[in-house]
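Notes for the one structure printed next.
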Amino acid sequence: MTYTGDVTAGGPADVRDLPGLTISKIEVGDFGNNAYLLRCRETGDGVLIDAANDAPRLLELIGDRPISKIITTHRHPDHWMALAEVAKETGAETIAHPLDAPELPVPVTRPVEHGARVSVGVATIEVIHLRGHTPGSIALLYQDGHLFTGDSLFPGGVGNTQGDAARFDQLYTDVVERVFDRLPDTTWVYPGHGKDTTLGAERPALPEWRARGW
């Protein structure tokens, strides 16, 4: 089956098999949140990105193979409603940026800053700090080709900054400098809600995003 990233609440996971990782995407909760399970193909180690909601469904997705880490992309509650239960059941390390960590329902056992590396078995993902949606929003990058953006980048624009011009300017600048200026058009974007996209599909609209201010 070809991966599309199109998932629905209560529907099956969409699974992408890469040479080093398997990526499973599901939608959970009432706000159309995406959760992503990354598994190392060599070791079987797993990392969950955003225990957003519906802990039983996330635990079913994880199954009987362990995960070592849960990464929360940012502080907003719709991205961590199942964090306490999934962390308790799995014993996984909890990871977030220190600026958002105090808002989470469980202690963050590993704070991460911009440029940090997080292992998924023998694979590695990189933390990219994208300030603006929240102070500690992060994206996770795998091999310059797969970018998990939380609520900082979507098809059609950057994340919500509640009409705050300074926050928008910061987020837009970070997304341009730390994502678009660095990564190729083929980079696949896995957002915190809704459908996936690519940097190539979004790049032509950057001037429009800047002009409209959201």
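The values are calculated or read from the model by the stated rules, or taken from the named source; none is laboratory data. Bear in mind the structure is a predicted one, so any value in this text is a computation, not a measurement. Here the Cβ positions follow ideal geometry from the backbone for every residue, glycine too, while neighbour counts run over all protein chains shown.
Of note:
- Looking across the range 110-153, the residues that are polar (S, T, N, Q) and within 19 Å of residue 180 (Cα to Cα) come down to 137, 143, 149, 152.
- Note on the range 170-214: among residues that are closer than 29 Å to residue 28 by Cβ and among the aliphatic types (A, V, I, L, M), the one that is farthest from the chain's Cα centre (by Cα) is 205.
- Selection count, the range 1-41, where residues are part of a strand (DSSP E or B) and modelled with pLDDT of 95 or more: 20
- The residues of the range 42-67 that are more than 19 Å from residue 112 (Cα to Cα) and either without any contact (Cβ under 8 Å) to a residue 24 or more places away in the chain or part of a strand (DSSP E or B) (or both), listed by number, are 56, 60, 63, 64.
- Number of residues in the range 150-179 that are touching a helix residue (DSSP H, G or I) at 6+ places or on another chain (Cβ under 8 Å), at negative phi and surrounded by 16 or more Cβ atoms within 10 Å (Cβ to Cβ) equals 9.
- Selected residue (criterion: nearest to residue 130 (Cα to Cα)) from residues of the range 67-102 that are among the hydroxyl-bearing types (Ser, Thr, Tyr) and in contact with a Gly (Cβ under 8 Å, 6 or more places away or on another chain): 73
- Each residue in the range 194-208 was checked for being surrounded by fewer than 18 Cβ atoms within 10 Å (Cβ to Cβ) and within 17 Å of residue 149 (Cα to Cα), and 7 of them qualify.
- Long-range neighbours under 8 Å by Cβ, at least six apart or interchain, first residue free of Cβ contacts under 8 Å to residues at least 24 places away in the same chain within the range 14-28, second part of a loop (DSSP other than H, G, I, E, B) and surrounded by 19 or more Cβ atoms within 10 Å (Cβ to Cβ): 14/7; 27/7
- Within the range 109-123, residues that are surrounded by 18 or more Cβ atoms within 10 Å (Cβ to Cβ) reach partners that are among the aliphatic types (A, V, I, L, M) and at pLDDT 95 or above with beta carbons closer than 6 Å, at six or more positions or on different chains, in the pairs 112/95; 112/127; 118/125; 120/38; 120/47; 123/21.
- Restricting attention to the range 8-26, the residues that are within 23 Å of residue 45 (Cβ to Cβ) and touching a strand residue (DSSP E or B) at 6+ places or on another chain (Cβ under 6 Å) total 11.
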